[in-house]
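Participant: Sending over a structure as structure tokens; questions will come in a sec.
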Amino acid sequence: MTLEVTSNDKQNQSATCPTFHMEILKGISKKEFKERCTQCAAVSWGLTDEGKYYCTSCHNVTERSKEVVNTGAIPNTKIQAINRGLKRKRKLEKGWDWYVCEGFQHILYQQAEALKTLGVGPELKNEVLHNFWKRYLQKSKQAYCKNPVYTSKRKAPVLEDNPSHSDWDSEPELLSDFSCPSFVESGAESQPDVHTQKPFPIIKASQSETASICSGSVDGVEYSLRKEKGIVKMTVPRTLAFCCLALLWQRETITLSDLLRFVEEDHIPYINAFQHFPEEMKLYGRDKGIFAIESWPNYEDIYKKMIEIATFLDLPRFPDITEDCYLHPNMLCLKYLMEVNLPDEMHNLTCQVVKMTGIGEVDFLTFDPIAKMAKTAKYDVQAVAVIVVVLKLLFLLDDNLEWSLSNIAEKYNEKNKEDKPWFDFRKWYQVMKKSLDEKKQKWEETRAKYLWKSEKPLYHSSIDKSVVCKRREMVVNLQKQFSTLVDSTPTIGKKSPSSFQFNWTEEDPDRTCFHGHSLQGVLTKKGQSLTTKNSLYWLSTQKFCRSYCKHVTTYEESNFSLSYQFIINLFSFLLRIKTSFLHEEVSLIEKRLFKTKYSKTKKKSSRSRKVRKY
Amino acid sequence: MSDFSEELIKSTTEDDQGERCELSGTGMHFPWLQKHIETVATGGKKEKDFAQTTSACLSFIQEALLKHQWQQAAEYMHSYLQVLEDSDSCKRQAAPEIIWKLGSEILYYHPKSNVEAFNAFADRMKNIGVMNYLKISLQHALYLLHHGMLEDANRNLSQAETWRYGEKSSSQEVLINLIQAYKGLLQYYAWSKKKMELSQLDKDDYAYNTASQNMLDHSWKTSVNLGALIQIPGVWDPFVKSYVEMLEFYGDQDGAREVLTNYAYDEKFPSNPNAHIYLYNFLKREKAPREKLISVLKILYQIVPSHKLMLEFHRLLRKSEKEEHHKLGLEVLFAVLDFAGCTKNITAWKYLAKYLRQTLMGSHLAWVQEEWSSRKNWWPGFHFSYFWAKSDWKEDKALACEKALVAGVLSGKGCRYFRYISKQDHQVFRKKIKRMKKLVKKYSIINPGL
């Protein structure tokens, strides 16, 4: 299942896209004046500071000035005069008239481009993300609808003309409407008629005036004040939710945790993404609050936003996640088993757990935003949780059994040097612990060295502009000075993006590879099937929280065995998530695996005894 | 640089409180509490990653400095400079000082650093905000002094001296005085160099007059610079010392006396033993009456009873006519020997042996008993053990004899120390030991009858 595409002039798109971003929404504001320009005959009008029309293609300024629609919005003339004064001062700073959503569109564009260089297919950008975004503009009534939000502030009616939101295909109008601009096409300027045919709103003069004082964008002030019920407002973190939805739609081989890690490693524009806006898109004032970001994205947060946006966009059921998809737990388990250096043989066991818990079912895995309870699997977290459960099944992880099994394996390996070695948990732990500590240390160091501030400083108003710029200059100078004291060879070059963070080889004793080791030491034959030697199991959560606090369990580290803590730490570092988050997922897998245990004997506490046959 | 920075820290914690939103005003300081309050104030709102990474960066710098990894420190510093752009104005305002302290440390030690780099850094940091200009100027000057660049340091101080920004806060006034005083100190240095030159010249030499004229000029300027600072309560030893030296040189004894008296006796000044020592030495040079000298040392005795001047104090008291001074003389000796650092001071023991005899001869047994009663529990173990007897005899026989006499007098013939020494047979000391035994027999305060 793919989304329809309407155009594909890819050659032009990278070079001209930013301009198109402007174009897509410019139409919204200034088209009520429809005469052709006397100089170049184009119909593309912008407003000058004085409220006069000027031609955006040849910059010819007319004598016609904009009618003031709503005089009530101008409180008194004095304020207006002050505003004008400010504006004149700022005139050098004047760039294009742009809207906040155009800014976000630009960020999405950059992110899509970055994903493309990471190897994601071009359809993601040209079709999926593009359509999602247009749908968003429509749903949030910013464009492509009869009553865009800019016409009647705060009183936007519900989209009555879209009775069936559920069926994507029944809305050809939305899709075909996109013969104009944005992500895909070029040449919008040559088809001004497309714009003129659309219903374009009128902007109140007063509004645009106040707005331009406190923000570089046209609607920055209004945007930050906008609090409409039922509208999901665009934010910078939500751009990532968009990307992730598009990746999911395309069933790409990038999980949410990968995406966020790439953001942190600067492979995907996020922090200071506004830096790459075209020179003419000026940002200041309220734009700062909208576009400046001082935190890395957080898994849980983006995950929630994904669902929220998908629901808001009323997206149809996503393409099925089947067994041959990367996001299927069997695939991801294989990937993470390799990543954390566990024997390939374990994959067999993870597959069985996946089967028994039913988390490999298409219906379970496929995201359906219009289902009653919209939720999507946390594919990566879930796969990792399956591995944790399998480790518990094999080694119990009670700080005891895993070590005695290791002793047996060690003895066997010493005696049988020719054979395929038995997996030795202790050895694995030693190798992993060392690698993990090193990785963590490096990670912390790189984070501490992260440069957050953009080269383009953002300021609140023209008053603090000079201060902010001076401060920026000062920091740059000081940085220059200290960088001369640093070794000329940069110690931290930008890592090339990889979905693997560790790398194991047979040669290096510190990086010993355990992939080929066998599980013979921990399995026994029983009749036809193999059974784990260990017949015990303990549940990560005895009782689930049933209150309204939204989390199902808590994770108090010290209550758990050291091995379990290590494993949880290792995996949550890999995914850059909180340990409690992974623990919760492990508990949820166990809940599915030991259904009977939970439903029958709720009273029984302490360790449950359970033998599992494979 | 190091001991000076302490002074600065003191002044900063006092004046920057408002600016850094510190809560304590009572002088008590709980760093963890501040952090705690901050998190409470934000209503449990998650700290931004920016704040988190910059504070991690700060600890990495501190760690690197601790391990003398200047290169790494510089690397982290490069990133830490971002806090100057922190959106949290509290942190932003506190940043220049932290950056200055860490940055100057890095530039001081980093092998690739040089004076130019340090100068450039200092000049930049001076002009971030207004609160740090003077402090940084002063430390900058000290750095230049370290590198023997006296003229540059002087120029720097002159610049800082004339710097004004709006209404000076009181703390800034202290800093200006301090800057002037350091300038004065530099002038004193030049002056005393000239003095050296002058002392090598012949008085009849033509050059002598110009040189002495030069010196006069210098002294006038210096006295202006130094005079202001030492009016303010504080510990200004090097400034006071050089100021007094110059005053004395030009014969202004009254001025010098006034400065020193004020420095020692003004209650607003922190208690400072050196103040009394300077005054005492000055009065001694002046040949002041004994009574006056005693009164100065009495105060020093209260502050530092183990000071080496205490033996001199004892001599003065011994010579005095007043009986209470004689009693104090005994006290002073006992007090000196209370300190572990003085246990091998032969003069002190000699004085005590002699003075005990004298006191007992003068039938002031009560004085001795009074001193001894508080010490009889621990002095035998502290001074008169068998171990000390052996080692003292081995190292310094004269000392051992004096100590043995004191031990015998104070804790009787049974005292281990006395017994060990009195059993020794030595050609040179035979006579002395014999005399000692006799004296002990005569004066011992322990049951003389038995």
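Participant: When you look at residue A:342, is it in a helix (DSSP H, G or I), in the same structural domain as residue A:409 (by TED's automatic domain parsing) and either within 30 Å of residue A:420 (Cβ to Cβ) or in contact with a helix residue (DSSP H, G or I) (Cβ under 7 Å, 6 or more places away or on another chain) (or both), yes or no?
Facilitator: No, not satisfied.
Participant: Can you name the condition, by its number, that residue B:165 falls short on among (1) away from chain A (no Cβ under 11 Å); (2) outside any loop (DSSP other than H, G, I, E, B); (3) open to solvent by 20 Å² or more (accessible area, probe 1.4 Å)?
Facilitator: It is condition (2) that residue B:165 fails.
Participant: Does residue B:98 satisfy the criteria of being open to solvent by 20 Å² or more (accessible area, probe 1.4 Å) and facing chain A (nearest Cβ under 10 Å)?
Facilitator: no
Participant: Considering each residue of segment A:444-466, count those that are within 11 Å of chain B (Cβ to nearest Cβ) and assigned to a helix (DSSP H, G or I), and give that number.
Facilitator: Residues meeting the conditions: 5.
Participant: Does residue B:343 satisfy being among the polar types (S, T, N, Q) and within 28 Å of residue B:395 (Cα to Cα)?
Facilitator: yes
Participant: Now for a separate question. Which of the following residues is part of a helix (DSSP H, G or I), charged (D, E, K, R) and over 34 Å from the mean Cα position of the chain (by Cα): A:411, A:355, A:417, A:392?
Facilitator: From the options A:411, A:355, A:417, A:392, the qualifying one is A:411.
Participant: Ok, one more. Output the number of residues of segment A:225-237 satisfying the condition of being open to solvent by less than 20 Å² (accessible area, probe 1.4 Å) and outside any loop (DSSP other than H, G, I, E, B).
Facilitator: Residues flagged as open to solvent by less than 20 Å² (accessible area, probe 1.4 Å) and outside any loop (DSSP other than H, G, I, E, B) within segment A:225-237 amount to 1.
Participant: Given (1) under 30 Å from residue B:409 (Cβ atoms); (2) buried (at least 21 other Cβ atoms within 10 Å of the Cβ); (3) in contact (Cβ under 8 Å) with a residue 24 or more places away in the chain, identify the lone condition not met by residue B:296.
Facilitator: In the conditions (1) under 30 Å from residue B:409 (Cβ atoms); (2) buried (at least 21 other Cβ atoms within 10 Å of the Cβ); (3) in contact (Cβ under 8 Å) with a residue 24 or more places away in the chain, residue B:296 misses (1) alone.
Participant: So which of A:326, A:336 ends up being open to solvent by less than 20 Å² (accessible area, probe 1.4 Å), under 24 Å from the mean Cα position of the chain (by Cα) and aromatic (Phe, Trp, Tyr)?
Facilitator: A:336
Participant: Are there any pairs with C-beta distances below 9 angstrom linking a residue in segment B:127-139 that is touching a residue at least 40 places away in the same chain (Cβ under 8 Å) and more than 15 Å from residue B:162 (Cβ to Cβ) to a residue that is part of a helix (DSSP H, G or I) and among the acidic types (Asp, Glu), with the two at least 6 apart or on different chains, and if so which?
Facilitator: B:131/B:15; B:131/B:97; B:135/B:97
Participant: So, in segment B:125-151, how many residues would count as being modelled with pLDDT of 90 or more and within 11 Å of another protein chain (Cβ to nearest Cβ)?
Facilitator: Total meeting the criteria: 1.
Participant: Which of the residues that make up segment A:557-593 are of a type in the set (S, T, N, Q), over 25 Å from the mean Cα position of the chain (by Cα) and farther than 21 Å from residue A:405 by Cβ?
Facilitator: Matches in segment A:557-593: A:558, A:559, A:587.
Participant: Mind counting the residues in segment B:245-290 that are under 18 Å from residue B:320 (Cβ atoms) and either touching a residue at least 24 places away in the same chain (Cβ under 8 Å) or not charged (D, E, K, R) (or both)?
Facilitator: Looking only at that region, the number is 5.
Participant: Would you say residue B:384 is hydrophobic (A, V, I, L, M, F, W, C), without any contact (Cβ under 8 Å) to a residue 60 or more places away in the chain and either open to solvent by 10 Å² or more (accessible area, probe 1.4 Å) or not in a helix (DSSP H, G or I) (or both)?
Facilitator: The answer is yes for residue B:384.
Participant: Can you give me the ranges of the helices (runs of 4 or more DSSP H) entirely in segment B:254-359 with at least 1 residues that are touching a Cys at 6+ places or on another chain (Cβ under 8 Å)?
Facilitator: Here the list reads B:323-337.
Participant: Here's a follow-up. Condition test on residue A:405, is it crowded, with 17+ Cβ neighbours inside 10 Å and away from every other protein chain (no Cβ under 14 Å)?
Facilitator: yes
Participant: Out of everything in segment A:250-305 that is of a type in the set (Val, Ile, Thr) and over 20 Å from residue A:450 (Cα atoms), what residue ends up being farthest from the other protein chains (Cβ to nearest Cβ)?
Facilitator: Filtering segment A:250-305 for residues that are of a type in the set (Val, Ile, Thr) and over 20 Å from residue A:450 (Cα atoms), the one farthest from the other protein chains (Cβ to nearest Cβ) comes out as A:253.
For (1) among the acidic types (Asp, Glu); (2) over 10 Å from the mean Cα position of the chain (by Cα); (3) not in a strand (DSSP E or B), each residue gets a yes or a no:
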residue: A:223; (1), (2), (3): no, yes, yes
residue: A:239; (1), (2), (3): no, no, yes
residue: A:266; (1), (2), (3): yes, yes, yes
residue: A:282; (1), (2), (3): no, yes, yes
residue: A:290; (1), (2), (3): no, yes, yes
residue: A:293; (1), (2), (3): no, yes, yes
residue: A:297; (1), (2), (3): no, no, yes
residue: A:301; (1), (2), (3): yes, no, yes
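Participant: Residues in segment B:76-95 that are within 11 Å of chain A (Cβ to nearest Cβ), out of contact with any Leu (no Cβ under 7 Å at 6 or more places or on another chain) and open to solvent by less than 50 Å² (accessible area, probe 1.4 Å): how many?
Facilitator: So the count comes out to 6.
Participant: Going by the conditions given, is residue A:188 small (Gly, Ala, Ser), open to solvent by less than 20 Å² (accessible area, probe 1.4 Å) and at pLDDT 80 or above?
Facilitator: Taking the combined requirement at face value, the residue does not satisfy it.
Participant: If I ask for residues that are polar (S, T, N, Q) and assigned to a helix (DSSP H, G or I), which ones from segment B:131-157 would you list?
Facilitator: B:137, B:139, B:154, B:156
The values are calculated or read from the model by the stated rules, or taken from the named source; none is laboratory data. The model shown is predicted, which means the values in this text are computed figures rather than measured ones. All Cβ positions, glycine included, derive from the backbone under ideal geometry; neighbour counts span all protein chains shown. These accessible areas exclude ligands, DNA and RNA; they are computed on the full protein's heavy atoms, side chains included. Shrake-Rupley method; radii C 1.70, N 1.55, O 1.52, S 1.80 Å.
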